[in-house]
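Here's the structure we're looking at; comments come further down.
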Amino acid sequence: MIGAASGLFTVGVFQDVAWAEKGLRALTAQGLPLESLSVVAKDSPDVAALIERVFGAAAGTLEIRGLGSVRARGPIIDALQGPDGELTRHGIAATARRIGFQAHDGRIFETLTSRGGVLVSITSEPRAADALAILHSYGGGNAAIGAWGGRV
């Protein structure tokens, strides 16, 4: 499950780069810090440019089982990867438990991302409900809070 240092993850998948950028801009406009945001998407020039615009720095490239080559940035990567490199070897569906989601949630995130969606996550327990509302408002499909205890 989630370690104390990793926080609470709120995850949603946007249909494309344009919608993801709107969602990311809305999250930062509401005061969520850049270091709490993550992006995972299949590698493309548009995704690379999105991450550069939003974060002001390039994203790393990873090979993730079930997705292939992806651009990724943010705390969700280390949380999913774990010390044993499980994310790259087994994919999002198999590692979703690390951030408080069940395997079926991970399969949904993985499937939507494999079809060209842009996974966006926020790690901010005190603002998880706010982040969820913003993801839904800007088209973040299947947005959910991992292992949410109902605290608002």
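Worth a mention:
- Dipole magnitude (debye, nearest 20) for the chain, charges at Cβ of Lys, Arg, Asp, Glu: 180 debye
- Derived scalar couplings ³J(HN,Hα) [region 42-49; Karplus, 6.51 cos²θ - 1.76 cosθ + 1.60; whole Hz; x for Gly, Pro]: 4, 4, 7, x, 5, 5, 4, 5
- Contact order relative to length of the chain, as percent, for alpha carbon pairs under 8 angstrom and 6 or more apart: 40 percent
- Ranked I77, I99, criterion: other C-beta atoms within 10 Å, fewest first: I77, I99
- By the beta-carbon count within 10 Å of each Cβ, the least crowded to most crowded order of S44, S121, fewest first, is S44, S121.
- Surface/4 estimate of mean projected area, convex hull on alpha-carbon atoms of the chain, nm²: 7.6 nm²
- Simple spin-label estimate for N142 and Q15 in nanometres, 7 Å along Cα-Cβ: 1.6 nm
- FRET efficiency for R25 and A129, using Cβ-Cβ distance with R0 set to 30 Å, rounded to 0.05: 0.95
- Helix-only CD estimate at 222 nm, as mean residue ellipticity for the chain, using -39500 (n - 2.57) per DSSP H run (n ≥ 4): -11500 deg cm²/dmol
- Highest-fluctuation residue, E35, E110, E125 considered, GNM on the chain with Cα pairs under 10 Å: E35
- Of all the options S114, S38, S137, the one that moves most in a Gaussian network model of the chain with Cα springs shorter than 10 angstrom is S137.
- Max mean-square fluctuation residue, GNM over the chain, Cα-Cα springs under 10 Å, options R127, R53, R71: R53
- Residues E63 and A103, FRET efficiency given R0 of 30 Å [Cβ-Cβ distance, rounded to 0.05]: 0.90
Read-outs: derived from the displayed coordinates by stated rules, not from any lab. Nothing here was measured: the structure is a model prediction, and the numbers come from that model. Note: ideal-geometry Cβ built from the backbone for every residue, glycine included; neighbour counts use all protein chains shown.
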